[in-house]
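The values are calculated or read from the model by the stated rules, or taken from the named source; none is laboratory data. This one's a predicted model, so the numbers in the text were calculated from it and none came from an experiment. Note that each Cβ is placed from the backbone with ideal geometry, even for glycine, and that neighbours are counted across all protein chains shown. The accessibility values were calculated without ligands, DNA or RNA, using every heavy atom of the protein model including side chains. Shrake-Rupley method; radii C 1.70, N 1.55, O 1.52, S 1.80 Å.
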Amino acid sequence: MSYTRHYSVLKKECIDTLTENAELSQVSYFADLTFGGGGHSFEFLTKNPLFQVRSTDQDPDALKNGEERIKNEGVSSRIKLFNTNFVQFPKLALEECKEVIEAGGFQGILLDLGVSSHHFDEAGRGFSFRFDGPLDMRMNYKSDAFLTAQEIVNTYSEAQLMKIFFEYGEEKFSKKIALKICEERKIKPISTTAELENIIFHCYPKEMRYGKTNPSTRVFQALRLEVNRELEVLTDTITHLIPLLKIGGRLAVISFHSLEDRIVKNLFKEASSSLEFPVEILTKKPIVPGEEEIFDNSRSRSAKLRVLERTAFKKTKNKYKQDLSS
Ligand SMILES: C[S@@+](CC[C@H](N)C(=O)[O-])C[C@H]1O[C@@H](n2cnc3c(N)ncnc32)[C@H](O)[C@@H]1O
């Protein structure tokens, strides 16, 4: 199975902001915790021969493709790719990236959330209703720690299904779809993307079935988030990455829907009041792709990039300045 080329979103913006404070004449360490096709990781390596990268991914196909690419490009002395869920990275880094910790920490850490083009384009992974395939949707399909979409669709109660479709997919017809799934699975288990798509399609009113957005879009997104516990993992990770940054080091997170962005925004805000590991939020408003990037890659249209910087001291508000302006 070949790995589909992934178009790296906001690549220039990410690399520019994460490398801005780096000392160009000495070794700097970067962590790309969502390696995918390696677009961002390799861009760090191209930017400066002294840059070192530590990457993670949980997807067996991304890891296999990445190891081959690292070998073919002869950069194995400058990048290490770890097979792990990024929620484990704060712990793993202390054990496996001692050289980085001894150097004061990472200059930049990147999370480019969600799935890659490979997931959507590979029918066998079950992420897309564009192709018929098994209802799987696990990024880490070698792990039993995650339920497959098929297990969720066939075992969750009607109320549980309705809740995830509504909360994670903002699906208007959540109730009707959950009910229909429960009726259909009594006749025969639902095991393919095409079967699920057909059920959802018929739950939509006739006049809404052929709109701009496929009726299955929201339910498939909701199932993917539930299968991979994406929001839970994100919530449990962000705060623990900050102590791994050196002073002046930056954390950049690209999210693709409002549920993720809200978590990033709130956790950044919480972090900005920490006295133990002070940070400054550099993006009052998120950075978004320009028209040209959206034209080249329509999947980038919902991307939002937020960045924070670890600082030596907590910045206090300058009251004198405030008084002058009031
Ligand atoms: C949007 S893609 C990243 C693309 C990459 N930045 C590039 O330019 O090619 C997200 C990648 O992160 C991985 N991923 C998502 N959540 C993860 C998690 N919790 N732990 C580890 N990897 C994860 C996915 O398997 C996927 O390969």
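See the values below:
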| item | result |
| --- | --- |
| Distance histogram for the range 196-302 (every C-alpha pair counted, 5 angstrom bins, percent rounded to whole numbers) | 2, 9, 16, 16, 15, 15, 11, 6, 5, 3, 1, 0 |
| Global size of the chain as Cα Rg and Dmax, reported in angstrom | 21.4, 73 |
| Angstrom value of the Kirkwood radius, inverse mean 1/r, which spans all Cα pairs in the range 147-227 | 12.4 |
| Partners for Lys246 among lysines (Cα-Cα distance below 20 Å; same-chain residues under 8 apart left out) | Lys47, Lys80, Lys91, Lys98, Lys269, Lys314, Lys315 |
| His6 accessible area, assembled protein chains, probe 1.4 Å, Å² | 50 |
| Accessible-area value, Met208, 1.4 Å probe, nucleic acids and ligands omitted, Å² | 70 |
| Surface accessible to a 1.4 Å probe, per residue, for the residues of the range 147-227, Å² | 54 |
| Alpha-carbon Debye profile of the range 197-239, log10 I(q)/I(0) at 0.23, 0.28 Å⁻¹ | -0.75, -0.92 |
| For peptides 141-149, 223-231, 284-292, sequence by mean Cβ density within 10 Å, most packed first | 223-231, 141-149, 284-292 |
| Euclidean distance between Cα centres, the range 217-240 to the range 282-302, Å | 21 |
| Added length on full extension, which subtracts the Cα-Cα distance from 0.36 nm per residue, Gln88 to Lys269 | 62.9 nm |
| With every protein chain in place, the range 147-227: carbon and sulfur % of accessible area (1.4 Å) | 55 |
| Neighbour-limited loop hits for chymotrypsin sites (Phe, Trp or Tyr not before Pro), the range 238-317 (at most 16 other Cβ within 10 Å; DSSP other than H, G, I, E, B) | Phe313 |
| Computed accessible area, Tyr204, all protein chains, 1.4 angstrom probe, square angstrom | 10 |
| Accessible surface, the range 1-62, averaged per residue in Å² (probe 1.4 Å) | 39 |
| Mean separation of Cα contacts under 8 Å, 6 or more apart, over the residue count of the range 147-227: relative contact order % | 43 |
| Ranked by how many other beta carbons lie within 10 Å on average, peptides 210-218, 98-106 from highest | 98-106, 210-218 |
| Calculated [θ] (222 nm, deg cm²/dmol) that DSSP helices of n ≥ 4 give over the chain, each run adding -39,500 (n - 2.57) | -12500 deg cm²/dmol |
